[in-house]
1. So for the range 82-91 (the condition being in a strand (DSSP E or B), touching a residue at least 24 places away in the same chain (Cβ under 8 Å) and away from the ligand (no atom under 16 Å from the Cβ)), does at least one residue qualify?
2. Mind counting the residues in the range 1-24 that are part of a loop (DSSP other than H, G, I, E, B), closer than 28 Å to ASP86 by Cα and out of contact with any Phe, Trp or Tyr (no Cβ under 8 Å at 6 or more places or on another chain)?
3. Considering only residues that are away from the ligand (no atom under 16 Å from the Cβ) and surrounded by 18 or more Cβ atoms within 10 Å (Cβ to Cβ), which ones fall in the range 214-223?
4. For the range 30-51, give me each residue that is over 22 Å from the mean Cα position of the chain (by Cα), part of a strand (DSSP E or B) and either in contact (Cβ under 8 Å) with a residue 24 or more places away in the chain or within 24 Å of VAL93 (Cα to Cα) (or both).
5. SER172 - would you say it is more than 24 Å from PHE75 (Cα to Cα), outside any helix (DSSP H, G or I) and either modelled with pLDDT under 90 or within 19 Å of the chain's Cα centre (by Cα) (or both)?
6. If I go through the range 227-240 residue by residue, how many of them are out of contact with any Ser or Thr (no Cβ under 8 Å at 6 or more places or on another chain) and either loosely packed, with under 12 Cβ neighbours inside 10 Å or assigned to a strand (DSSP E or B) (or both)?
7. Restricting attention to the range 28-72, which residues are β-branched (Val, Ile, Thr) and touching an Asp or Glu at 6+ places or on another chain (Cβ under 7 Å)?
8. Take the conditions touching a strand residue (DSSP E or B) at 6+ places or on another chain (Cβ under 8 Å), within 27 Å of PRO167 (Cα to Cα) and not in a helix (DSSP H, G or I) and apply them to GLN27. Does it pass?
Amino acid sequence: MDLKALRNISYGIYIISSKKEDRINGQIANTVFQTTSEPATIAVCINKENLTHEFITESKVFSVSVLEQETDMKFIGRFGFKSGRDEDKFKGVNHKIGVTGAPIIRENTIAFMEAEVVMEMDAGTHTLFVGKVVEAGNIKKAKPLTYDYYHQVKKGVSPKTAPTYIPKEEKSEKEINIEKKGKESEKMIKYKCTVCGYIYEPEKGDSESGVKPGTPFEALPDDWECPICGVGKDEFEEVS
Ligand code: FE
C-alpha cells in the first residue's frame, strides 16, 4: 500500500474557529467541504486533542475563514502550530465576532461561513462536525490558498494532528536531505525546527524575513524566528 496516493486528494487551507463562554479559539484545517446545498451545510474534521474541538463540542457552533494564497507562513504557523491553551491566538489579529459568537478572521481571508452543528461523527482521532450554514460572506477578491500550494510552493509541513498527516513524511524529507548532502558545502547544513518540522535551507534563505539565499544557519540574526511556528533559533537542530 502506498499511502502517498492520498496526497493527491486536493484541499484548501482554512481557519476553523469557535467559542466557549467568553473565550475564542481557532486553528488551521484543510478538511472543509460542503455536504449539501439545500439547506447549505458544511463539514469540518477536527482532532480531538485540539482546543477548538473542545470549543465546538461545547458551543455547537463554528466558523470557517477561507485563507488567500498570499497568506504568510507566520500567520499560518500562529494558527497551525500553536495551541490556544498556551496563548490567545487572536491577540493582534484583525477579526470580528460573528452572529454565532465564533470569531471571523478579517485578514488574509477571502470568505467566511458560520455554522451551527447539526451532526457529529466520531472518526477515531478526529470528529467530523456537520454544520448548517447560518451566515456567510465574501471579504476580498483573491485566490484561495490550496493545500498543494502550501506544500509545493510555500514548503509548508503538516502538524501531527492534521487528518492528512502521513508519519513517513518526515522520513522521506530526511532521505532527500541525505541524497542532497553530498553536493553541499560545510556551511550549507540544513536545520530543522523541532516544534513544527520546518527545515531551514541555507541555499534558499528565508525571503519572508529578508534572509538572502546562501545564508548559513549560524549567520541568521539572533532574533530570527521560524517562519512557520515563530520559535527562536535555539529550537532548531541540525539535520543529519
Ligand atoms: Fe517551527
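1. First, pick out the residues of the range 82-91 that are in a strand (DSSP E or B): none.
The answer is no, given that none of the residues of the range 82-91 is in a strand (DSSP E or B), touching a residue at least 24 places away in the same chain (Cβ under 8 Å) and away from the ligand (no atom under 16 Å from the Cβ).
2. Residues that pass the stated criteria total 2.
3. Residues of the range 214-223 that are away from the ligand (no atom under 16 Å from the Cβ), as a first pass: 214-216, 218-219, 221-222.
Answer for the range 214-223, where residues must be away from the ligand (no atom under 16 Å from the Cβ) and surrounded by 18 or more Cβ atoms within 10 Å (Cβ to Cβ): just THR215.
4. Residues of the range 30-51 over 22 Å from the mean Cα position of the chain (by Cα): 35-41.
Next cut, part of a strand (DSSP E or B) only: 35-37, 40-41.
Residues satisfying the conditions are THR35, ALA40, THR41.
5. Values: more than 24 Å from PHE75 (Cα to Cα): yes; outside any helix (DSSP H, G or I): no; either modelled with pLDDT under 90 or within 19 Å of the chain's Cα centre (by Cα) (or both): yes.
So SER172 fails the test.
6. Number satisfying all stated conditions: 4.
7. Going through the range 28-72, the residues β-branched (Val, Ile, Thr) turn out to be 28, 31-32, 35-36, 41-42, 44, 46, 52, 56-57, 61, 64, 66, 71.
Passing the criteria: only VAL61.
8. Numbers: touching a strand residue (DSSP E or B) at 6+ places or on another chain (Cβ under 8 Å): yes; within 27 Å of PRO167 (Cα to Cα): yes; not in a helix (DSSP H, G or I): yes.
So GLN27 passes the test.
The values are calculated or read from the model by the stated rules, or taken from the named source; none is laboratory data. Owing to the predicted nature of the structure, the values given are computational and were not obtained by experimental measurement. Note: ideal-geometry Cβ built from the backbone for every residue, glycine included; neighbour counts use all protein chains shown.
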